[in-house]
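To start, the structure under review is shown below, and the notes come after it.
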Amino acid sequence: MEAPDPVAEGVQKPASPPRQTPAAREGLRAGTLATALVLVTAVAVGGAVSALVNYDLIGLGHLPRCAVFAVVILLVANALCRRFGRGHPFGRGQLAFVYIAVLVMAGIPGQQLVTYLYVGMIGSQYHAAGSSSEYRTEVLPYLKPWMVPVQDPADPFNAEQPVISWAMHGMPWGASVPWRPWVRPLLLWTPYLLALLFLQVCLAALLRRRWDEERLTYPLAQAPIELMTYASEKAALPKLMTSPLFWGMALIPAVVHTKNALAMLYPYAFTRIDLNKNVGVIFGEAPWSNFDYLPIQVYFETIGATYLIPVGTGFSLWFFWLVRRFICVYRDTQGLIDHQAYLQQQGIGAYLLLAALCVWGARKSLAEAFQGAVSRGNHARGDSSHEPLAPRWAVMGVVLSLATTLAWGVAAGGTPLSIGLMMALHVAGMIVLSRLVAECGLFCVWTPLCPPQEMVARTFGAFRPLSPQATTALCYMGWKVQDTASMTMANVMQGFKVAEMASIRPSSALWLMVGALVLGVFASHPPSLKAIYENGYYALGWWPRGTTDAVPASIHNLTKGLTAFKGENATAVAHGALVVTALHLLRTQFHRFPLQPFAYAAALGPQFMMDRYGFSIFIGWCFKHFVLKYGGVATHSKLRPAAFGLIAGNAAILLLWTLYFYFHPVEGVLVTE
């Protein structure tokens, strides 16, 4: 896959630092390490409570607001120190270390762990003792006791140790959190959770070199680097913050979100600025009614990020967003139904082929890495001392992580083949998702390969359905990986790029990321359980309280109501693969062919994803297109601070209000994810 010409596409790629020896690059200072660990702990604790109580996700996506906000806070500290005649305690390199640490773990106290782990460990037992008594025979007999705090379905009515009933309905006044029953399951789930995270780190290390050779621009990584860069050591503010354009654009999200926050606090005095509108009913009748209620939602960071990506990529993203609707129109004219299932299956084919193309493109470096791992020698091209993780160790890490997940799944009652297939789908999704972030600058990506456990069960159902024991293990494992909105691998990739652009030691950045991930997992447990027991699941945010029976319901559907994949499903998968093939061939043969195959795949995720961000991408593309057309590359470069202002202003004001609502909770959130 060849990258387009950056100048022709209006992309200003930050200049990479000159090649330095690892010793010449800036190392991690003790004070910076301490600051990073404190911030990681604060994000884990605050983010977990915020995600559960309000479903306010401070670490959502691949430009986490909490990570940008952490940089802004340290920039303020630098300015204050400079004001009193001292130097910057945090230069660009040290700021990069802090940003990377928060970046990679930001999704853990949210959609990567907190909003799924705990409810999955108690939901089946609670509902088995209540109205959904079929779970008593369909789920509980196949649930390993070590996977849950208690297994007895009668526990919700046990007055002596109501581990589950208190979690669902809240503790009585004066009671304390029943910590002890949770110790064993959380410790035994940890190897699986850490293996998933370490797998993503190692995959990112293996693919990083090839993607650098393809000149991917990593648009979301440019924002923190620009924020951290000072014109001189004596400057009080980074160069970007001396631009009036930066502050002018940062003011837009600040004013809008502040007005909306005040409307939440004082609804009789302020009215909200609606950022989530739609076009309403335009046609009213099929087939063109598929364009009714087309969303016109505004996400400021998406507008800013779109200005940083190639024009052709931005065009492809919003073009395929609309093409998805035209496909539904065509299917209506043919009398076809269930459009969303067909589009998801197209997406499966697109994702699988794109993952294969990514692996094929990196085949030489991957082969050398595998050869080095097998022969215990250094067979990587060139000098691998500049790699964050030596290729042979990255290969070993992938193998060890996959072996751990496979062994854990078998111990939980799964079959090696079903667990292996689920992990293969998970890996394919991670690779394509990471590419979408690195190349298309998407803030959040939900893939069509979810939920993977359902796809595996339906695939086996076409031949030999899985046993109830295997299905139970598969669903409990898949529940932890099915939400891809904050996938760690994409953030690790960005962390490597930030480390390169900030000229910091890649190995130091790597181990800081690993430490932040481990700390993020363990630091999230106590505040999460405390928030759950103090409030009860049915008093938590809209998403956590609505998922209490998701796991047992999934097991029930895949055992008693399984719909196996059929021939038409395979045809839809083939359609997706064929379109990707055609787009890939056209893009490689015709240099200026505008349509991007990865953008096509992005449009085939869940419909809400591109409906949420499509209009903002269109706005950002229009602005960039007309600036380049009438002002040229020079004008485009001068206006880049506007994009960074939208991104930084949006992150800063949302985090400030999130902190306020953390201590003064209100109903609802400022921004939907």
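The values are calculated or read from the model by the stated rules, or taken from the named source; none is laboratory data. What you see is a predicted model; the values in this text were computed from it and never measured. Methodologically, a virtual Cβ is constructed for each residue, glycine included, from the backbone with ideal geometry; neighbour enumeration extends over all protein chains shown. Note: areas computed on protein heavy atoms with side chains; ligands, DNA, RNA excluded. Shrake-Rupley method; radii C 1.70, N 1.55, O 1.52, S 1.80 Å.
So here's what we get for this one:
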{"read-out": "Only one of Gly478, Gly441 that is of a type in the set (Gly, Ala, Ser), farther than 22 Å from Ala403 by Cβ and touching a Pro at 6+ places or on another chain (Cβ under 6 Å)", "value": "Gly441"}
{"read-out": "Filtered residues of segment 519-553 (kept if among the aromatic types (Phe, Trp, Tyr), open to solvent by 10 Å² or more (accessible area, probe 1.4 Å) and under 16 Å from Ala48 (Cβ atoms))", "value": "Phe522, Trp543"}
{"read-out": "Selected residue (criterion: farthest from Asn491 (Cα to Cα)) from residues of segment 207-224 that are part of a helix (DSSP H, G or I) and open to solvent by 20 Å² or more (accessible area, probe 1.4 Å)", "value": "Glu213"}
{"read-out": "Hits in segment 276-308 - residues which are open to solvent by less than 30 Å² (accessible area, probe 1.4 Å) and of a type in the set (Asp, Glu)", "value": "Asp292, Glu301"}
{"read-out": "Pick from segment 464-499, criterion part of a loop (DSSP other than H, G, I, E, B) and either small (Gly, Ala, Ser) or free of Cβ contacts under 8 Å to residues at least 12 places away in the same chain (or both), ranking: surrounded by the most Cβ atoms within 10 Å (Cβ to Cβ)", "value": "Ser486"}
{"read-out": "Members of segment 608-633 found to be open to solvent by 10 Å² or more (accessible area, probe 1.4 Å), in contact (Cβ under 8 Å) with a residue 12 or more places away in the chain and over 22 Å from Asp483 (Cα atoms), listed by number", "value": "Phe615, Phe618, Ile619, Trp621, Phe623, His625, Val627, Leu628, Val633"}
{"read-out": "Matching entry among Thr484, Thr471 (being under 18 Å from the mean Cα position of the chain (by Cα) and either at pLDDT 95 or above or within 16 Å of Leu433 (Cβ to Cβ) (or both))", "value": "Thr484"}
{"read-out": "Residue within segment 579-587 that is modelled with pLDDT of 90 or more, touching a Phe, Trp or Tyr at 6+ places or on another chain (Cβ under 9 Å) and surrounded by fewer than 17 Cβ atoms within 10 Å (Cβ to Cβ) present", "value": "yes"}
{"read-out": "Total residues in segment 590-643, condition part of a loop (DSSP other than H, G, I, E, B) and within 20 Å of Tyr342 (Cα to Cα)", "value": "3"}
{"read-out": "Set Ile647, Ile653: member being open to solvent by less than 20 Å² (accessible area, probe 1.4 Å), of a type in the set (Val, Ile, Thr) and either over 26 Å from Ser50 (Cβ atoms) or not in a loop (DSSP other than H, G, I, E, B) (or both)", "value": "Ile647"}
{"read-out": "Subset tally (residues that are in contact with a Leu (Cβ under 8 Å, 6 or more places away or on another chain), among the polar types (S, T, N, Q) and within 30 Å of Gly495 (Cα to Cα)) for segment 100-146", "value": "2"}
{"read-out": "Tally, over segment 333-352, of residues that are in a helix (DSSP H, G or I) and open to solvent by 50 Å² or more (accessible area, probe 1.4 Å)", "value": "4"}
{"read-out": "Condition met for Lys259 (open to solvent by 10 Å² or more (accessible area, probe 1.4 Å) and in a helix (DSSP H, G or I))", "value": "yes"}
{"read-out": "Unmet requirement for Ile419, which otherwise passes all of (1) under 28 Å from Gln125 (Cβ atoms); (2) buried (at least 24 other Cβ atoms within 10 Å of the Cβ); (3) in contact with an Asp or Glu (Cβ under 9 Å, 6 or more places away or on another chain)", "value": "(3)"}
{"read-out": "Residue match in segment 372-389 (condition: of a type in the set (Asp, Glu), at pLDDT below 95 and more than 22 Å from Ser507 (Cα to Cα))", "value": "no"}
{"read-out": "One residue from Leu199, Leu187 being buried (at least 17 other Cβ atoms within 10 Å of the Cβ), aliphatic (A, V, I, L, M) and over 20 Å from Phe443 (Cα atoms)", "value": "Leu199"}
{"read-out": "Failed condition for Val445, given (1) within 19 Å of Val201 (Cα to Cα); (2) part of a helix (DSSP H, G or I); (3) open to solvent by less than 10 Å² (accessible area, probe 1.4 Å)", "value": "(2)"}
{"read-out": "Residues of segment 233-251 that turn out to be in a helix (DSSP H, G or I), open to solvent by 70 Å² or more (accessible area, probe 1.4 Å) and touching a residue at least 60 places away in the same chain (Cβ under 8 Å), as a count", "value": "2"}
{"read-out": "Inter-residue pairs, beta-carbon under 6 Å, first farther than 12 Å from Val119 by Cα and in segment 526-540, second hydrophobic (A, V, I, L, M, F, W, C) and part of a helix (DSSP H, G or I), 6+ apart", "value": "Pro527/Val45; Pro527/Ala48; Pro527/Val49; Ala531/Val49; Ala531/Leu52; Ala531/Val53"}
{"read-out": "Index of the failed condition, Gln371 passing every other in (1) under 30 Å from Ala570 (Cα atoms); (2) open to solvent by 60 Å² or more (accessible area, probe 1.4 Å)", "value": "(1)"}
{"read-out": "Filter result for Phe661 (surrounded by 23 or more Cβ atoms within 10 Å (Cβ to Cβ) and in a helix (DSSP H, G or I))", "value": "no"}
